[in-house]
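The structure under discussion appears below in the form of structure tokens.
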Amino acid sequence: MKKDDYGFYGKGLDGYIHYRQAFDQTQRVPDADNAPQRGRAVPPVPPRPARPVRRARRTGVISGGSLLLICAVCLTAIALLSQCA
């Protein structure tokens, strides 16, 4: 494409002006009050109801975080006991 060629819109300053008008019209956000209605109206989506908080089941399984904490405490205790002996 040449420097001042705007394709469908023309060449030079006139082409640029038509291109810019079309671009601005497509990028403009219409006001809700002044917007023309096209097709059928789409009803607004109702907000989702809040989900109830799910509590963890107590199945006797230790979680990963708890297992790491237990290991860290045990290793610290072993290190302290080995220094005393």
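For LYS11, the residues 5 or more places off, or on other chains, whose built amide H falls under 5 Å of its own are TYR6.
For region 66-78, putting each phi into the Karplus relation 6.51 cos²θ - 1.76 cosθ + 1.60 with θ = phi - 60° gives couplings of 5, 5, 5, 5, 5, 5, 5, 5, 5, 5, 5, 5, 5 Hz, in residue order, rounded to whole numbers and with x for Gly and Pro.
Here, each number is a calculation from the coordinates, and none is a lab measurement. In this text, all values refer to a predicted model and were calculated from it rather than measured experimentally.
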